[in-house]
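Trainee: I have a structure I would like to understand better, so I am pasting it below and will then ask my questions one at a time.
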Amino acid sequence: MRVGFNPYKDQENGDSYFSHQVIIPVYIPNLEGYFKDSFTILKLCLESLFSTVHGKTFITIVNNGSGDFVKDYLDELLSEGKIQELIHTENIGKLNAILKGLVGNNIELVTISDSDVLFLPNWQNETIKVFTAIPKTGVVGIVPQFGMFKSNCGNVLFDTIFSPRLRFIPVKNKEALIRFYDSIGWDRNYNQDYLEYNLGLKINDDLNVLIGSGHFVATYKKDIFEEITTYIGFKMGGSSEGYLDEALLKKDYWRLTTEDNYAFHMGNTLEEWMTIPKKLGKEVEEPNYNFEKNKKISHFLYFIKNKLFMKFLKNKPLVKIFLRWKQLPKNMIENY
């Protein structure tokens, strides 16, 4: 039987101390074959994260069915206070693991990252700059990639198509771009023009951003997930990445990426260049950001921006006009 009155009944949670959450799902079942170096790479990922975030960062790790050696390591990090939340589960799939980490707090920003990301200094500050300067931003990537504007960017292109700020800008960090595609196993026989220009927005003299964002590490406004799906029927791929994309577009948020590179993809093979960044100096106690929040747009407007408009931009003659108009060099237009 119950005796007495629970003193916490009807007590409100209040605002969170933390302003930025990082969620990393982890699946390392063993140390063989594909996973031979994965545990060492996970340690590099987490140590690089610890070295590059401010003091109001809430780190959530979801152990998605890994071996006991991973569980023991993560339990130790939790007991040391290096991470704030640890969820152990069987292998329920990458996105379902992410969904578990998203619920239960009201932290304004959430970075969703793979467990093979090497975070670089200032990634967090540069991410915040984009959210602050562009209120319609919903997600910010920190690793530039080829042709990001071609995927799930109908709304930002629709909104900025007549703006002179939307233009092709020179790639800022060619070496990092090459390293990314090396890391995912591409040969270097891709169009070399992709290493020269990327579509972006010139915000001011001190800030350019790129249109679009990849998925393996990116920061989202948390209100995108106010209506959350409870289950995705894929371990990886399938409709899982599409869920994150659709949630963003339904609120008419823009996908953007920092102009420079602020993380590396390590993959599943340890290499000599992979080292933990030098730890930052005194941690900055960041305030709550209080960014603008979008409401859901109508189905009609969603269709116009993200479906119909993108069909026009896939028309080859119109694409060439668009590329020329947005100042891609003439010698690159035919094959870009």
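Trainee: Tell me, what is the percent relative contact order of region 55-94, built from C-alpha pairs under 8 Å that lie six or more residues apart? Intermediate results must be reported in sequence, preceding the final value.
Mentor: Values: 47 pairs, mean separation 22.3, N = 40.
Here the relative contact order equals 56 percent.
Trainee: Note the angle between two axes, namely the Cα long axis of helix 316-325 and the longest principal axis of the Cα atoms of the chain, as a number of degrees from 0 to 90, rounded to the nearest 10.
Mentor: Relative to the chain, helix 316-325 is tipped by roughly 90 degrees.
Trainee: Would you please classify the overall shape of region 25-66 from the alpha carbon gyration tensor, given that a ≥ b ≥ c denote the square roots of the eigenvalues, rounded means a/c under 1.5, and beyond that prolate means a/b larger than b/c while oblate covers the rest? Numbers along the way, then the final one.
Mentor: Details: a/c = 5.62, a/b = 1.89, b/c = 2.97.
Verdict is oblate for region 25-66.
Trainee: Further, regarding this structure: Helix 240-250 versus the longest principal axis of the chain: what is the Cα-based angle in degrees, 0 to 90, to the nearest 10?
Mentor: 70 degrees
Trainee: If you fit an axis through the alpha-carbon atoms of helix 38-50 and take the longest principal axis of the Cα set of the chain, what angle between them do you get, 0 to 90°, nearest 10?
Mentor: Between the helix axis and the principal axis of the chain, the angle is about 90 degrees.
Trainee: Is the C-alpha gyration tensor of region 1-130 telling us rounded, prolate or oblate? Criteria: a/c under 1.5 is rounded; beyond that, a/b larger than b/c is prolate, otherwise oblate.
Mentor: Values: a/c = 2.19, a/b = 1.30, b/c = 1.69.
Oblate is the answer for region 1-130, as a/c is 1.5 or above yet b/c matches or exceeds a/b.
Trainee: Go through region 151-156 residue by residue and turn each phi into a ³J(HN,Hα) via Karplus (6.51, -1.76, 1.60, θ = phi - 60°); whole Hz please, and just put x for glycine and proline.
Mentor: 10, 6, 10, x, 5, 5
Trainee: Would you please put 136-143, 159-166 in order of how densely packed they are, using the mean number of other Cβ atoms within 10 angstrom per residue and starting with the highest?
Mentor: Top of the packing list down: 136-143, 159-166.
Trainee: Another question about this same structure. Out of [x] 47, 22, 16; [y] 33, 21, 19; [z] 34, 25, 19, which label holds the value of semi-axes √(5λ) of the Cα gyration tensor in Å that was computed here?
Mentor: Of the listed options [x] 47, 22, 16; [y] 33, 21, 19; [z] 34, 25, 19, [z] comes from this structure.
Trainee: Now for a separate question. For a quick check, take a GNM of the chain with Cα springs below 10 Å and name the residue from 97, 133, 247 with the largest mean-square fluctuation.
Mentor: Ranking 97, 133, 247 by mean-square fluctuation puts 133 first.
Quick note: the coordinates plus some simple rules give every number you see, no bench work behind them. Please read these numbers as outputs of a predicted model, since none were measured by experiment. Neighbour counts are summed over all protein chains in view; Cβ atoms, including those assigned to glycine, are modelled from backbone coordinates with ideal geometry.
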